[in-house]
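No lab work stands behind these numbers, since they all come straight from the coordinates. Please read these numbers as outputs of a predicted model, since none were measured by experiment.
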Amino acid sequence: MSEPHVVFDPDGDFLIIARSYASPFDPSEVPCREHDESESDGTEETVVDLDPDDKAQSTSSDTTVPDSVVPGLWVPDISVPDATVPDTMVPDTMVLDATIPDTAVTDATVLDATVPDAAVPDNSTPEVRCFKVSSAFLALYSAYFRRMMKGPYREAAEVHDDGLRHSEIEGLTWDAITIVLNIIHGNGDQVPETLELHELLEVARVVDYMKCQEAMEFYSHIWIHHLRHTIPKSYNCELLLWICIAGVFWDLKIFSRCTRVAVLENARGIPTLGLPVLPEIRSR
């Protein structure tokens, strides 16, 4: 294996091998409605005011959603998953299953570190970038890697010729991975103060994959606050991206309001777009 492209810890003992694609996820190429709705169905748009400072201007017909979670509406689970797995190691033939079971693994499984197919551009050739990191920091802040390090998986036990343990992930952008790993390793001066919507979406995908929401809490509040004024008040593709972002970062206020608009204005079904959170809404 060649030298890592990015070093987060010179004394690191772990190498993340990221196979990314030339183009990040582009929601503009995916229809934001489940079916063609070129013909109006006569449904009136529901406008939801996301700025609490505007409440004084509301009238009796204002459709502002209460700050509390909408009754009957699914909300993301904000509890940190139990990342405890048996400490007993098994032979090195074991490799991590991305859907990490709650019980001990008894049969050989293979790491499926890919994101949903719909999020990976077709006919693209993946390129590789390597990140030298600290397994201790990964295990401390990422529930995904914590289970990997504690579980009976080859990634936790096999040391390669470069003296490092390896793990591969696929379909996530290098810039977003870099931002998340900088936060995990305490490199605050390397973290951008603001992100564009598409950049925040990519970071959310990495955070959802690594299960490291708590480590991102401080920065996610800043990023979301910077873009808050851009949140759509009626249904469109960007509203779906905000549902994903708010769900991943546990912003229940934005999540509940955006989800209500999406449900009320698109009764034909919300497309999943291959993104986190959206499949959970569709299934309810």
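Numbers below:
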read-out: Cα gyration tensor, the range 147-222 - rounded (a/c under 1.5), prolate or oblate; value: prolate
read-out: Under the Karplus curve 6.51 cos²θ - 1.76 cosθ + 1.60, θ = phi - 60°, whole-Hz ³J(HN,Hα) for the range 133-144, x wherever Gly or Pro sits; value: 9, 9, 5, 5, 5, 4, 5, 6, 10, 10, 5, 4
read-out: Alpha-carbon centroids, the range 164-180 and the range 213-262: separation in whole Å; value: 23
